[in-house]
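The values are calculated or read from the model by the stated rules, or taken from the named source; none is laboratory data. It should be emphasised that the depicted structure is a prediction, and the values quoted were computed from it without experimental measurement. Virtual Cβ from ideal backbone geometry, glycine too; neighbours counted across all protein chains shown. Protein only, heavy atoms only, side chains kept; ligands, DNA and RNA dropped before computing areas. Shrake-Rupley method; radii C 1.70, N 1.55, O 1.52, S 1.80 Å.
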Amino acid sequence: MTSNELVERIWARDPGVWTGSDEGKWLGWLDEPWRMQEDVELLLQFADTAVDRIDAVVLLGMGGSSLAPEVIKRTFRQETFHVLDTTHPQAIRDLERQLDLSRTLFLSASKSGSTLETRSHTDYFWERNPTGDNWCAITDPDSALERLAREREWAGIFPGEPTIGGRYSALSPFGMVPAALMGIDVDRLLLRAIEMAEACRLSEGNPGLELGLSLGENWREGRDKVCIAPNPGGFGLWAEQLLAESTGKQGKGLVPAPEEPADGPDRQLQEVRLSGEYELGQEFFRWEFATAVAGSILGINPFDQPDVQLAKDRTQQILASGQDPLVEPVGSPEELYAQAAAGDYVAILAFVNPTPEAEAKLAELAEEARQATGCVVTHGFGPRYLHSTGQLHKGGPPTGLFLQVVDDTGDELPIPGQPFGFGKLIRAQAAGDFASLQERGRRVARIRLEDA
């Protein structure tokens, strides 16, 4: 298949570009910038109604519902927009202390409408501020979250597009409603995305095709670690999920490594083209198209996530048992790193309160891992990464060395309507992911942050 044929077949929604299964049903992101443009006025009107009565916005979401808003927030340097995508009880308490709940707009975002973390956050803050005017939802039509929002008479309900998977939803309501509430010129952002989408139809000079071919051809040559160049908005956070969850399956995949050095035979460097803030709209689309192209070269379905459910199932089993999850240390970093071989990577998986101090400690651990192994090192906070790189960890190549880091979750923080609190939930998520990694035969150890 020539490059020109590949582009034409992607836009024609031909599932034969990939595995010939249901890929054609998941290509709504190709048209989403134009579709969203039709709703810009509606978004701006909603944002205008909130300006005088709201001091802060809190997004409650995970993975595809939270990472694009987080990158938009960082890129445009928005201080009054908060993304809550951790179940750590201390992090929730810390955020709550910053807020005047009566002047906070809560944005509950979940495509399925049943995401455990998002529903738990929603129930927690609704109990503290059961005022419909302070709430809105972004969710696919007829989801449990949509029904809840109607029942509670929330101020806004924004329907997602069912033909778009979560990690391809940056330019859908999941990214654009938060952008409007940040005061960003959404129309301008979408216009840049449309420029890129038009360019991605070209047979020559096609930026998305070029990036996708580079990703895929480098992978063919053994350079499967994608070192995403640093940028102030943390674009790698979003691209990480897109690449890992899309390609990490059937024992192969691209391993995203934001800000890692690219000098090594198993690595490729990919730049983020952000000469200005509004270029973000272009980059979202360029990387989405490129990932679809790379998926064709890898011969996988880039729109499913068959191994994500494993950790969720283990977590539910632990919670259903009623027992306190065991998150005691297992092995040591030294023993884990001694197993490293050429072409491996280290993933540090931290189920801890995501404070700047914890970030600094993880950076130290990452440097120690680099020195000990010579491998690419990635790190992420749980449960966020479960919705991001978790698919790659279980379904991708068996080249990962996984160091789980836990901390003391402190006093329990109850979740309304649940027999467990947030502390037990995050411990169960850590234990569930550890068990699922072991089940897949992955090399894994666990330490306490306090002992690191």
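What to note about this one:
- Any chance F106 is surrounded by 22 or more Cβ atoms within 10 Å (Cβ to Cβ) and in contact (Cβ under 8 Å) with a residue 24 or more places away in the chain: yes
- Only a single criterion out of (1) in contact (Cβ under 8 Å) with a residue 12 or more places away in the chain; (2) not in a helix (DSSP H, G or I) is not satisfied by L95, namely (2).
- Out of P141, P159, one residue alone is within 22 Å of the chain's Cα centre (by Cα), free of Cβ contacts under 8 Å to residues at least 60 places away in the same chain, open to solvent by 50 Å² or more (accessible area, probe 1.4 Å) and farther than 20 Å from P69 by Cα. It is P141.
- Of the residues L365, L310, L326, L336, the single one that is part of a helix (DSSP H, G or I) and over 24 Å from the mean Cα position of the chain (by Cα) is L336.
- Failed condition for Q305, given (1) within 22 Å of E240 (Cα to Cα); (2) among the polar types (S, T, N, Q); (3) open to solvent by less than 70 Å² (accessible area, probe 1.4 Å); (4) modelled with pLDDT under 95: (3)
- Residue ID - most open to solvent (accessible area, probe 1.4 Å), chosen from residues in segment 144-156 that are assigned to a helix (DSSP H, G or I) and in contact with a strand residue (DSSP E or B) (Cβ under 9 Å, 6 or more places away or on another chain): R150
- Taking every residue in segment 65-88 that is more than 17 Å from F422 (Cβ to Cβ) and pairing it with any residue that is of a type in the set (D, E, K, R) and surrounded by 22 or more Cβ atoms within 10 Å (Cβ to Cβ), at least 6 positions away or on another chain, the pairs with Cβ-Cβ distances below 7 Å are S65/K111; F81/K73.
- Scanning segment 261-277 for residues that are out of contact with any Phe, Trp or Tyr (no Cβ under 9 Å at 6 or more places or on another chain), assigned to a loop (DSSP other than H, G, I, E, B) and either crowded, with 18+ Cβ neighbours inside 10 Å or in contact (Cβ under 8 Å) with a residue 12 or more places away in the chain (or both) yields P261, A262, G264, P265, E271, R273.
- In the set (1) open to solvent by 10 Å² or more (accessible area, probe 1.4 Å); (2) touching a Phe, Trp or Tyr at 6+ places or on another chain (Cβ under 8 Å); (3) under 18 Å from T378 (Cα atoms), the condition left unmet by L242 is number (1).
- Any hit, segment 115-127, residues being surrounded by fewer than 23 Cβ atoms within 10 Å (Cβ to Cβ), out of contact with any strand residue (DSSP E or B) (no Cβ under 6 Å at 6 or more places or on another chain), without any contact (Cβ under 8 Å) to a residue 40 or more places away in the chain and of a type in the set (A, V, I, L, M): no
- Criterion: out of contact with any helix residue (DSSP H, G or I) (no Cβ under 8 Å at 6 or more places or on another chain) and in a loop (DSSP other than H, G, I, E, B) - qualifying residue of P416, P397: P397
- Out of R97, R77, sole residue that is within 30 Å of P130 (Cα to Cα), under 21 Å from the mean Cα position of the chain (by Cα) and open to solvent by 40 Å² or more (accessible area, probe 1.4 Å): R77
- Against the test of being open to solvent by less than 30 Å² (accessible area, probe 1.4 Å) and touching a strand residue (DSSP E or B) at 6+ places or on another chain (Cβ under 9 Å), the options G382, G423 yield a single qualifying residue, G382.
- Residue pairs whose Cβ atoms lie under 7 Å apart, sitting 6 or more positions apart in sequence or on different chains, and linking a residue in segment 29-45 that is over 17 Å from I164 (Cα atoms) to a partner that is open to solvent by 50 Å² or more (accessible area, probe 1.4 Å) and assigned to a helix (DSSP H, G or I), are V40/D187.
- Of the listed requirements (1) within 15 Å of the chain's Cα centre (by Cα); (2) closer than 15 Å to G175 by Cα; (3) open to solvent by 10 Å² or more (accessible area, probe 1.4 Å), P69 misses just one: (3).
- Filter pass, D48 being within 16 Å of A170 (Cβ to Cβ), open to solvent by 60 Å² or more (accessible area, probe 1.4 Å) and of a type outside the set (V, I, T): no
- Hits in segment 330-357 - residues which are of a type in the set (A, V, I, L, M) and either at pLDDT below 95 or open to solvent by 30 Å² or more (accessible area, probe 1.4 Å) (or both): V330, A338, A340, A341, A342
- Tally of residues being small (G, A, S) and either under 20 Å from G441 (Cα atoms) or part of a strand (DSSP E or B) (or both) across segment 368-387: 1
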